Structures are given as structure tokens and as C-alpha cells.
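Single-structure report; data block below.
Coordinate-derived values only; no laboratory data. As the structure is a computational prediction, the values presented were derived from the model and not from experiment. Ideal geometry is used to build each Cβ from the backbone, glycine not excepted, and the neighbour counts take in all protein chains shown.
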Amino acid sequence: MGIDKGQGAKAEKRQTRASPRTPSRGRGILRYEGLLDSLEALLVDHDLEDVGLSQIAEHARVPPASVYHFFPTKEAAFMALVQRYVWEIRSMQKRRPVPHSALRSWQEFLAQELREAVDFFRTTPQAMKLFLGRYGGMETWRAELAQNAAAAHLLFRRLNSAFHLPLIRDAEAKFLTFIEVVDAVLGISYARDGDITDEALEEAHRASVAYCKLFLPEQMELREDVAARVARGEPVILDPGDGPPCA
């Protein structure tokens, strides 16, 4: 039984005060992206609680109404920037080959995926604030959960593109729990140290692998096409959209 996208899709479609109003036309898209550029710049030197819609408007040199048009609350603006970062991470994954060493086992594959995410956070501290900082109320939590559900689905597809996965019941819930476990461990490090330490990275990996062993076997075989590319020394780029159906 593969990941059921129905619940995640419903959560993503549910419009709340934590949801940005994404434009669909050229001029609106430019304004929207410009406001996110201003928010990103503000988060370099300011904490989440110190940034509001008025600060975004002032930095972007636009009337506050222009900000409210896209973002009903500052949480909606934060979520829009989170969505941009998610898109950047996914685009990077589609371009970057998976190291052959990360394909020796599913445990090493997950470790590589985690390292790349943490590397992104370390080079983009604004993203670390948004993903690991705590802000907003229940609506924001639901919006974050929808993002994590989408991330869980993508991780499942990438893993399934590389390895022969067994039948996994309630896969969506299991891989979402995986994401939440990682977030919890990294979040403790961020709250305590203002950064993600190497020790926290290793602990997040150990905790997530221990959880995955509840439903994954110790060893899984590479898919034949991936194994063949590794044997020939060719780069392996995993595109979940082109991957095999969910197990």
C-alpha cells in the first residue's frame, strides 16, 4: 500500500489565515517574489517574532495593502517563504546526482538526504529559522504538517526509485512520522544552540533509522537500473516523477 495523497491534498487545499494567496500572472508573481525577497532579507538579522507585515512593506517600499493582498497574516508570509525553500530543495535534488556511497544501503541513503537538508539550512539560516523555529498557532501547525506530508511523499518516492521497497501499510503516516522525528531532534539543537550541531545531525539519523527499522528490513536491494548505473560508474539522479509506482 503506497502513500495516499488524498489527505495531504485536502490539507494543502484548505485555505487558512496561514495560507498565502499565490498569484498566477506575471506582474503579480513578480510582486509576490519581491515581497518574499524582502522577508528573506529581514530574517537575516531579525527573529521570527520581530518581523511583521508592516516591516515587509517598509523594506519592500510598498503600501501595506500590497502585502496584505498576498499574505493575510505574517504566518502566511512565512509559509510562502517555506514553500519557496521547499521548491529550491526539490529542484536541487532533481539536478544533483546521489553519491554512489549513499546507495550502499537505505540507511546511508537516508543519512545523505538528511545531510543535504542540513547543509541547505546551514547555508540558508533564514530557512533554519522557518523550518525549526516555533511560530504561529494551530493553523500554522496544520500548514506545516501539510508541507511535511508533501516532503514525506517525496522522500518515499526517492527511496522507492532507488531500492526495492517491501509492502508498507500506511506509508504516508510512517514517512510523515520520520520527518517529524528528524524535525524534533534538529529543533532541540536549534533551540538550544541556535544551530544544528554535528551531534544533533547524527542523533537525528540514529533516531530516524531506528524508527524506520520498525517497517523496513535491514537490507534492501537496489533497483536494477540504479545498480547498473552504479556498476558502470555513471551518475545516479533520482527523479521521483519518473520513478516506479509506490510499493
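Quick notes on this one:
- Region 99-201: C-alpha pair distances exceeding 23 Å, %: 31 percent
- Equivalent ellipsoid of the chain: semi-axes from √(5λ) of the C-alpha gyration tensor, largest first, are 34, 19, 18 Å.
- Virtual paramagnetic centre 7 Å along Cα→Cβ of H164, amide N under 17 Å, in region 204-228: 216-228
- Förster-model FRET efficiency, 41 Å R0, S24 and Q112, C-beta, rounded to 0.05: 0.70
- Cut-off under 5 Å, modelled amide H: who pairs with F163 long-range: R223
- Positive contributions from Lys and Arg (+1) and negative ones from Asp and Glu (-1), summed over other residues with Cβ under 12 Å from the Cβ of R84, come out at -3.
- Bins of 10 Å from zero: percent of alpha-carbon pairs in region 31-123: 15, 38, 22, 17, 7, 1
- Axis angle, to the nearest 10 degrees, between helix 171-193 and the longest C-alpha principal axis of the chain: 60 degrees.
- Diffusion coefficient (Stokes-Einstein, Kirkwood radius over C-alpha pairs, 4 °C, 1.567 mPa s) for region 163-247: 85 µm²/s, rounded to a whole number.
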